[in-house]
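Undergrad: The structure that follows is given in the form of structure tokens.
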Amino acid sequence: TASQIRDPKNSDYSYRSEDLLQQAEQLQSMSESTNQLLLWIAGISLLVGGIGVMNIMLVSVSERTHEIGLKKALGAKRRRILGQFLTEAAVLTSLGGLLGILGGIGLAELLSKAMNTPTAISVPAIIVAAAFSILIGLIFGLLPATKAARMNPIDALRRE
């Protein structure tokens, strides 16, 4: 709470006191709500990005149907085809994650130089970002990889 006191001797001066604990609590509350909003935005972005990866991988599976059928006809196991497409999805998302990390570091350094402020780049945050990138690729690449692994070789070779 803020309180204001007038100086009885001199009417030109007044004193004001505020509760710093209350101000700190308000700042913390505002910071928590901002963090929650950023988490929601990041979650939605990951979901949209994951769906985009899944679509790209589904197109890749449909374009390579003949190749998958040939591999299966020559004796490739389901696990091998599943692994191939999961690896492709993980590589795709990890390259995107690496570009994002490098872009973020570059922008942070650029802003740091422009504003004459120090930059702290967290190595654990970079590792977590890279891991999330690969994890998103594996999760959203699972459906297309499973679809490719379950293809019937005869039907796959017939389609062109």
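Undergrad: Pick out the one residue from Leu38, Leu21 that is within 30 Å of Leu135 (Cβ to Cβ) and modelled with pLDDT of 80 or more.
TA: Being within 30 Å of Leu135 (Cβ to Cβ) and modelled with pLDDT of 80 or more holds for just one of Leu38, Leu21, which is Leu38.
Undergrad: Go through region 58-95 and count every residue that is in a helix (DSSP H, G or I), farther than 25 Å from Leu135 by Cα and of a type in the set (A, V, I, L, M, F, W, C).
TA: Counting residues in region 58-95 that are in a helix (DSSP H, G or I), farther than 25 Å from Leu135 by Cα and of a type in the set (A, V, I, L, M, F, W, C) gives 2.
Undergrad: Which one is surrounded by the most Cβ atoms within 10 Å (Cβ to Cβ), of the residues in region 38-57 that are under 15 Å from Thr93 (Cα atoms) and over 10 Å from the mean Cα position of the chain (by Cα)?
TA: Out of the qualifying residues, it is Met57.
Undergrad: Another question, if that's okay. Quick one: Thr146 ticks every box in (1) under 26 Å from the mean Cα position of the chain (by Cα); (2) assigned to a loop (DSSP other than H, G, I, E, B) bar one, so which box is it?
TA: Single failed check for Thr146: (2).
Undergrad: Being touching a residue at least 24 places away in the same chain (Cβ under 8 Å) and among the basic types (Lys, Arg) is the filter; apply it to region 78-120 and report the residue that is most open to solvent (accessible area, probe 1.4 Å).
TA: Arg79
The values are calculated or read from the model by the stated rules, or taken from the named source; none is laboratory data. Since this is a predicted model, take the numbers as computed values, not measurements. Note that each Cβ is placed from the backbone with ideal geometry, even for glycine, and that neighbours are counted across all protein chains shown. Only protein heavy atoms, including side chains, enter the accessible area calculation; ligands, DNA and RNA are left aside. Shrake-Rupley method; radii C 1.70, N 1.55, O 1.52, S 1.80 Å.
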